[in-house]
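Enquirer: One structure, as structure tokens, below. Some questions next.
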Amino acid sequence: SVPAVQTRASASTPATSIAPTVPASTGATPLAASTAGGNACSLMTEADVTTALGTDPGPGTANTGAHGSSQCNYGTLGRTVAVNITPAQDKLVYDTLRTESGKAGLSVVDVAGVGDAAFEVDVHGSAGIYFREGDALVVVSVALDPAASPPTDQVRALAKLVAGRI
């Protein structure tokens, strides 16, 4: 899976379960807050994941977490797709995650056309895109272990789809 990154509070945060410990912004935009506080499974559906992977992963499993986050997971170990939306996680959190990913020695690539700002982190058979949409922080990840190369095309297509629905 996409490796963990460290936030300023030094809490390990895997890309498939992002719940940064950096204090939340107090001024979330209404659109981002209302969408991010909803169900992540409505932003990336089973049909969307099936199209991206070429195989049906089964229904998504919805979870809620810290800071009003919503997460949806599809698939089983070794072949998973996830989306996580956390409202009111401002630019500081995004910038911290980006910086810490680079410090961890991971390849960090800016991605155009996804949200207000986006970067991708790829490792072996995993790829994750972190992006900001208003004051919301969104993470989309795809893990296709034991794939030799990261599923860059799949994660980018899904991230663009999710960003377009927020």
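The values are calculated or read from the model by the stated rules, or taken from the named source; none is laboratory data. The shown structure was predicted, so the numbers you read here are calculated from the model rather than taken from an experiment. Neighbour counts are summed over all protein chains in view; Cβ atoms, including those assigned to glycine, are modelled from backbone coordinates with ideal geometry. Heavy atoms of the whole protein, side chains included, go into the accessibility calculation; ligands, DNA and RNA do not. Shrake-Rupley method; radii C 1.70, N 1.55, O 1.52, S 1.80 Å.
Enquirer: Per residue, what accessible area does the range 38-166 have, given a 1.4 Å probe and all protein chains present, in Å²? All intermediate terms of the calculation are to be shown ahead of the outcome.
Expert: Working: 5240 Å² over 129 residues.
Value for the range 38-166: 41 Å² per residue.
Enquirer: Any idea how far apart LEU92 and SER107 come out in nm if each label point goes 7 Å out from Cα toward Cβ?
Expert: Here the modelled spin labels are 3.3 nm apart.
Enquirer: Can you give the net charge of the other residues whose Cβ lies under 13 Å from the Cβ of PRO59, counting K and R as +1 and D and E as -1?
Expert: Neighbourhood net charge equals -3.
Enquirer: Tell me, what is the FRET efficiency for THR50 and ALA148 to the nearest 0.05, using R0 = 22 angstrom and their Cβ-Cβ distance as r?
Expert: 0.45
Enquirer: Peptides 96-108, 154-166: what's the order by average Cβ count within 10 Å, highest mean first?
Expert: 154-166, 96-108
Enquirer: Taking all protein chains in place and a 1.4 Å probe, what share, in percent, of the accessible surface of the range 60-125 do carbon and sulfur account for?
Expert: That fraction is 53 percent.
Enquirer: Roughly how many Å is it from the Cα centre of the range 83-124 to that of the range 54-71, as a whole number?
Expert: Cα centroid of the range 83-124 versus Cα centroid of the range 54-71: 19 Å apart.
Enquirer: How charged is the neighbourhood of PRO87? Take every other residue with its Cβ under 11 Å from the Cβ of PRO87, and add Lys/Arg as +1 and Asp/Glu as -1.
Expert: Details: positive: none; negative: ASP90, GLU133, ASP135.
Result for the neighbourhood of PRO87: -3.
Enquirer: When you count, for each residue, the other Cβ atoms within 10 Å and take the mean per peptide, how do 77-88, 128-139, 110-121 rank with the highest first?
Expert: Result, highest mean first: 128-139, 77-88, 110-121.
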